[in-house]
Amino acid sequence: MSHYQAIAYRTGAPGAVELSRRLASWHDRMVAHERLARSSRQRCDDACPHAESIELWQDASALLGEAAERLTFLKTTATDAVVSAAASGGHDDGGRRHAYAHPQG
Ligand SMILES: [Zn+2]
């Protein structure tokens, strides 16, 4: 059982198991996509897992409520994707910017 299925079963929400299957499939593609993007600087398009993460995160939040917070990989990816989509309609070359940087020292 995957991480996603475990959360879905614990929540017991209708549709959560179906969602967890989509999440598990997305996770594999996202990991592969990130690896490829890092090595070849391949550009993202509308069909890439980044775009999909936004939709999945919205579905997960609606279905799972607070339990969706445990899907940290999805949440981080979706938040990043929203930010870069809003900024330029695509990913920039500057790498990841941390929205929640804590200035210290
Ligand atoms: Zn992408």
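The values are calculated or read from the model by the stated rules, or taken from the named source; none is laboratory data. Everything numeric in this text was worked out from a predicted model, so none of it was measured. Here the Cβ is made from the backbone with ideal geometry for all residues, glycine too, and neighbour counts use every protein chain on show.
Only residues that are surrounded by fewer than 17 Cβ atoms within 10 Å (Cβ to Cβ), farther than 14 Å from His3 by Cα and of a type in the set (S, T, N, Q) were counted across the range 71-82, and they come to 2. Scanning the range 66-83 for residues that are touching a Lys or Arg at 6+ places or on another chain (Cβ under 9 Å) and either of a type in the set (A, V, I, L, M, F, W, C) or within 14 Å of the ligand (Cβ to nearest atom) (or both) yields Ala67, Ala68, Asp80, Val83. Within the range 40-65, if we keep just the residues that are within 13 Å of the ligand (Cβ to nearest atom) and within 25 Å of Pro14 (Cα to Cα), the residue that is surrounded by the most Cβ atoms within 10 Å (Cβ to Cβ) turns out to be Ser53. Residue pairs whose Cβ atoms lie under 7 Å apart, sitting 6 or more positions apart in sequence or on different chains, and linking a residue in the range 44-64 that is farther than 18 Å from Val17 by Cβ to a partner that is assigned to a loop (DSSP other than H, G, I, E, B), are Cys44/Gly90; Cys44/His91; His50/Cys44. In the range 26-39, what residues are within 13 Å of the ligand (Cβ to nearest atom) and within 16 Å of His3 (Cα to Cα)? Within the range 26-39, Trp26, Arg29, Met30, Val31 meet the criteria. Considering Ala37, Ala68, Ala85, Ala8, the condition of being surrounded by 14 or more Cβ atoms within 10 Å (Cβ to Cβ) and either modelled with pLDDT of 90 or more or within 13 Å of the chain's Cα centre (by Cα) (or both) is satisfied by Ala68 alone.
Within the bounds of the range 15-25, is there any residue that is within 16 Å of the ligand (Cβ to nearest atom) and either in a loop (DSSP other than H, G, I, E, B) or modelled with pLDDT of 95 or more (or both)? Yes, because at least one residue in the range 15-25 is within 16 Å of the ligand (Cβ to nearest atom) and either in a loop (DSSP other than H, G, I, E, B) or modelled with pLDDT of 95 or more (or both). With the requirement that a residue be under 15 Å from Tyr4 (Cα atoms) and of a type in the set (Gly, Ala, Ser), what does the range 40-70 give you? Across the range 40-70, the qualifying residues are Ser53, Ala60, Ser61, Gly65, Ala67, Ala68.
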